[in-house]
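Read-outs throughout are calculated quantities, based only on the coordinates presented, and are distinct from any laboratory measurement. Note that the coordinates shown come from a computational prediction; the quantities given were computed from them, not determined experimentally. As a convention, Cβ positions derive from the backbone with ideal geometry for all residues, glycine included, and neighbour counts pool all protein chains shown.
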Amino acid sequence: MMWILLIVIIGMGIGLYLLAPHPPRTPKQVADVAELEAYLQALTEAGDPPGLSLAVVKEGELVYSGAFGLADGEQQIAATPDTVYHWWSMTKMATAVSILQLHEQGKLNLDDPVSDYLPFFTIEYPSPDSPPITIRHLLNHTSGLPDTIPAMIGWVHTADESYDQTELLKQQLPNFNKLRFAPGSDDAYSNLGYMTLGVIIEAVTEERYETYVVETVLRPLAMTQTDFVYTEAMGQHEATGSHPLVHFFTPLLPFYVEMDQIVQQRIGTRYWFNRFYIDATPSTGLVGPATDAAKLLVALQDGQPLLTADSIELMRPSGGKQPLGWAEFSDGWVQHRGGGPGFASIMRLYPDESLGIVIIANGTNLDSEKLTDLIAGLDW
């Protein structure tokens, strides 16, 4: 019965999606920055996403920052380069950097079994001969751990606080402890893997995950407007998350979240959300502007002041293997996208060109990959 209901709901979602108005299609190329800006203005005027901020770095310098559309639909507040958005899964890059820092300090080894650090980490392996999950497996999504989506959509809270990540993992692990494949034999994206990395950081440092990342990753880069909760200064630039009423996932949302808890109001065909947080911070918890994310991209180019050249090399594709940290890669670039209720993001790095691009939007929909291709096509 539940499957029939789910199929009906999904079918309704597809039908509504097909009937909905769509934003202008991303062009394959633009002649110059002015033409790019004209397209981004048209995109946000169409309202999906309502607003976005963009930052481009080249040779270690910020060479462009811009913003388009609205950070807040009700108040009609324009987005700016300093607008603060949820990063969602782009957070994983800060988690990966933290793990590699601890590896450099000799406080952990990438090929150590996770259970060496987390005695409660009990997993159901495909066979008795399966190798144990290591830290490296978690970093490059080859652990075999299942993903926590869509259940994770319901792990939300509205208070300006972060949850105890060790306790959260202990609570949720029994629900997701059956591996999809033997560690190292395949790859599959897993938020649970990065939740586990955050708890390893807590076990090794004896600090809260969030404290460690802020002190050793964000502040050394002068990322003063980025954190796991909104500071007073961040709140002055806060974007309001939004979600289209007509969307493939909209019929499923009431199954996972209390809509009256997260929905501020409906304006036309769009929900605007109250401020809320996802409970699991190591995989998806950072909040900040595109300009701060650009500072992290610069550090991921050459490592300074966060990592050594050896660690940066581990974050590059080698022999077609998944680089550590980055979820996606192709010839010439590595990238990590983020997406969740109300916000979408992408950061991409072209190491050989010393070029980095960050886009963050306050809408669930963002044609992020094609849009990043478009921006990368310009001569920066």
Output ³J(HN,Hα) for region 74-85: one whole-Hz value per residue in order, computed from phi by the Karplus curve 6.51 cos²θ - 1.76 cosθ + 1.60 with θ = phi - 60°, and x for Gly and Pro. 5, 7, 6, 8, 6, 6, 9, x, 9, 4, 9, 10
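Among Glu238, Glu210, Glu59, Glu124, which comes first, second and so on when ranked by fewest other beta-carbon atoms within 10 Å?
In order of increasing Cβ crowding within 10 Å: Glu124, Glu59, Glu238, Glu210.
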Pull up all non-local amide H partners of Thr134: gap of 5 or more, or a different chain, and H-to-H distance under 5 Å with H placed in the peptide plane. Val114
Name all residues of region 131-150 having a backbone nitrogen under 19 Å from the label point set 7 Å from the Cα of Glu124 along its Cα→Cβ direction, giving them as ranges. 131-133, 143-150
Measure off 7 Å from each Cα along the Cα-to-Cβ vector at Asp331 and Arg180, then give the distance between these two points in nanometres to one decimal. 2.8
Between Val229 and Gln261, what length in nm is gained on full extension when 0.36 nm per residue of separation is reduced by their alpha carbon distance? 9.7 nm
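Only loop residues by DSSP count here, and only those with at most 16 other Cβ atoms within 10 Å; note down the trypsin sites (Lys or Arg not before Pro) in region 288-380 that meet that.
Of the trypsin sites (Lys or Arg not before Pro), not one in the loops of region 288-380 has a Cβ with at most 16 other Cβ atoms within 10 Å.
If I stretch the segment between Lys370 and Lys321 completely, what's the gain in nm (0.36 nm per residue apart, minus their alpha carbon distance), one decimal? Provide the component values of the computation, followed by the final result.
Values: separation 49, 0.36 × 49 = 17.64 nm, distance 2.35 nm.
Contour length minus Cα-Cα distance gives 15.3 nm.
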Quick calc, region 31-376, dipole around Cα centre from Cβ unit charges on Lys, Arg (+) and Asp, Glu (-), nearest 20 debye, gives 500
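Counting other Cβ atoms within 10 Å of each Cβ, which GluC sites (Glu not before Pro) in region 148-204 have at most 14 and sit in a DSSP loop?
Details: sites: Glu161, Glu167, Glu202; in loops: Glu161.
Here the GluC sites (Glu not before Pro) that fit, given the DSSP loop and packing criteria, are Glu161.
Looking at region 55-159, which chymotrypsin sites (Phe, Trp or Tyr not before Pro) are in a loop (DSSP not H, G, I, E or B) and have at most 14 other Cβ atoms within 10 Å?
Values: sites: Tyr64, Phe68, Tyr85, Trp87, Trp88, Tyr117, Phe120, Phe121, Trp155; in loops: Trp87, Tyr117, Phe120, Phe121, Trp155.
Passing both the DSSP loop test and the Cβ count: Phe120.
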Shape parameters for region 26-79, alpha-carbon atoms, Rg then Dmax in Å: 12.4, 39
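Report the extension gain between Ala46 and Val33 in nm, rounded to one decimal, defined as 0.36 nm multiplied by the number of residues separating them, less their alpha carbon distance. Could the numbers behind the result be given before it?
Details: separation 13, 0.36 × 13 = 4.68 nm, distance 1.99 nm.
Value of the extension gain: 2.7 nm.
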Write down the radius of gyration of the chain and its Dmax, each obtained from C-alpha positions, in Å. 20.2, 60
Region 344-380 and region 159-181: distance between their alpha carbon centers, rounded to Å: 31
A correct Karplus calculation of ³J(HN,Hα) over region 279-287, with 6.51 cos²θ - 1.76 cosθ + 1.60, θ = phi - 60°, whole Hz and x for Gly and Pro, returns 4, 7, 7, x, 9, 7, x, 6, 10
Would you mind computing, in nm to one decimal, how far apart the modelled labels at Arg25 and Asp379 are, each placed 7 Å from Cα along Cα→Cβ? 2.8
Could you give me the ³J(HN,Hα) list for region 134-145, computed from phi with Karplus coefficients 6.51, -1.76, 1.60 and θ = phi - 60°, whole Hz, x at Gly and Pro? 10, 4, 4, 4, 5, 5, 10, 6, 10, 6, x, 5
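Can you put Asp379, Asp48, Asp227, Asp72 in order, fewest other beta carbons within 10 Å first? If you can, show how the numbers build up before the last one.
Working: Asp379 6, Asp48 25, Asp227 22, Asp72 19.
Final ranking by Cβ density, sparse to dense: Asp379, Asp72, Asp227, Asp48.
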